[in-house]
Amino acid sequence: MTRSDGEILVFGGTGFLGRRLVRELVEAGQGVRLAARHPRRPNWAEPQDPITLCPADIRDEAAVAEALVGASAVINAVSGYVERRGASFETIHVEGAARLARLAREAGITRLVQLSGIGARRDSPSAYVRARARGEAAVLEHLPKAIILRPSVMFGADDAFLHGLARLTRLPTIPLFGAGETRLQPVHVADVARAVALLVDTAAPPRRLFELGGPDVLSYREILARVQAQCHTQRPLLPLPFWTWRALAGLLSVLPNPPLTRDQVLLMAEDNLVTDGVGGFADLGITPRTLRDSLPLCLP
């Protein structure tokens with residue numbers, strides 16, 4: 001990676017991917033402007049590390065404009081998987097993404113990486129996925145040369161995915177989404193961060209759409225089996241039809257922070273795999289880590 005003049009603005013720099021991305025950039029000698037509603041200096045950071053904290057909400061026009069002043073490039077890693085009052089999918093993933101791209105263009109910034117997700121399409125039954133697709137389109141409307149990056153489900157040492165599955169292994173019986181045959185390509189968050197850091201570089205490849213998945217295509221049932229082996233447990237698996245999960249998600253929706261949402265159920269009903277004809281790890285010279293090799297470090 002070539003060091004860019006000026007700081008790279010990372011919106012959502014305190015999130016799961018954002019934290020790893022900030023570290024990736026800093027370790028490459030790049031100055032980083034960490035933007036979030038409540039930014040905080042990473043606990044690994046040394047006093048001399050080039051990190052600037054920037055309190056900014058992607059819903060606030062003035063705050064976004066101020067965060068962009070003097071930045072050389074922008075990464076939108078803002079996440080939001082549950083809708084809350086004043087923070088709907090439309091507000092965060094469509095309007096917020098469009099605002100950031102528009103103001104970046106007005107500030108003379110041409111390099112922007114927009115984080116989305118595999119399967120983003122406007123006709124999805126999931127409101128979350130539809131918003132991601134509209135957000136991609138909104139970004140490209142303002143910055144046609146922006147890079148769209150769609151990772152598969154991400155895992156890492158402090159993730160929600162593997163640790164959530166590990167908690168399930170404590171149950172007497174583990175419920176499955178349907179028959180547990182939905183196929184995924186889990187990808188290590190550090191590999192995604194490395195890819196984003198390369199894509200935001202001035203020497204980024206000409207492709208504008210990248211989908212990043214791990215080297216293995218695994219069913220949900222197979223992933224659970226590997227997690228159980230790592231946790232030294234062996235629980236029976238109980239297939240549950242998706243209508244049962246949708247009903248449960250409906251009941252839990254009244255909670256302030258529901259552990260399961262309708263959109264999460266809808267996402268688990270479809271395969272989440274990299275498609276042909278788009279950029280990937282190979283274009284960036286990255287060999288992604290396997291889930292099998294990573295499990296001992298993620299779930300020690």
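Dipole of segment 153-300, Cα-centred, from +1 at each Lys and Arg C-beta and -1 at each Asp and Glu C-beta, to the nearest 20 debye?
Values: 13 positive and 14 negative charges, 94 e Å.
Taking the Cα centre of segment 153-300 as origin, the dipole is about 460 debye.
Here the Karplus curve 6.51 cos²θ - 1.76 cosθ + 1.60, taken at θ = phi - 60°, turns the phi angles of segment 51-68 into couplings of 10, 10, 7, 9, x, 7, 10, 5, 8, 9, 4, 5, 5, 5, 4, 5, 5, 7 Hz, with x standing for Gly and Pro.
Out of all DSSP beta bridges in segment 1-126, what portion is antiparallel? Express it as a percent rounded to 5.
Working: 1 of 17 bridges.
Close to 5 percent.
Farthest towards the positive end of the charge dipole of segment 154-300, among the residues 288, 209, 247, is the Cα of 247, using unit charges on the Cβ of Lys, Arg, Asp and Glu. Taking the 0 to 90 degree range and rounding to the nearest ten, how far is the long axis of helix 220-231 tilted relative to the main principal axis of the chain, both from C-alpha atoms? Helix 220-231 sits at roughly 90 degrees to that axis. Figure legend: label point modelled 7 angstrom from the Cα of residue 273 along Cα→Cβ; residues of segment 174-203 with amide N under 16 Å from it are 180-187.
Computed across the chain, the Kirkwood hydrodynamic radius from all distinct Cα-Cα pairs reaches 19.9 Å. Here segment 1-73 is assigned +1 on the Cβ of each Lys and Arg and -1 on the Cβ of each Asp and Glu. Its dipole about the Cα centre then comes out at about 280 debye. Per-residue Karplus couplings for segment 112-120, computed as 6.51 cos²θ - 1.76 cosθ + 1.60 with θ equal to phi - 60°, are listed in order as 9, 10, 9, 7, 10, x, 4, x, 4 Hz, Gly and Pro entered as x. Spacing of the modelled spin labels on residue 257 and residue 286, each 7 Å from Cα toward Cβ, amounts to 2.8 nm. Charges were assigned to the Cβ only: +1 to each Lys and Arg, -1 to each Asp and Glu. The resulting dipole of the chain about its Cα centre is roughly 520 debye.
Tally the DSSP beta bridges in the chain and give the antiparallel ones as a percent, rounded to 5.
Numbers: 4 of 35 bridges.
Roughly 10 percent of the beta bridges in the chain run antiparallel, per DSSP.
For 154, 268, the sequence from fewest to most other C-beta atoms within 10 Å is 268, 154. Counting beta carbons within 10 Å around each of 232, 93, 163, 142 and listing the fewest first gives the order 232, 163, 142, 93.
Express the relative contact order of segment 148-203 as a whole percentage, based on alpha carbon pairs under 8 Å and six or more residues apart in sequence.
50 percent
Please compute the contact order of segment 1-118 in relative form: average sequence separation of alpha-carbon pairs under 8 Å and at least six residues apart, divided by the residue count, as a percent.
Working: 194 pairs, mean separation 32.3, N = 118.
With pairs under 8 Å counted, the relative contact order is 27 percent.
How high is the FRET efficiency from residue 69 to residue 157, r the C-beta distance, R0 25 Å, rounded to 0.05? The computed FRET efficiency comes out at 0.15.
Throughout, read-outs are computed from the coordinates displayed, never taken from laboratory work. What you see is a predicted model; the values in this text were computed from it and never measured. Cβ coordinates were reconstructed from backbone atoms using ideal geometry, including for glycine residues, and neighbour counts include every protein chain displayed.
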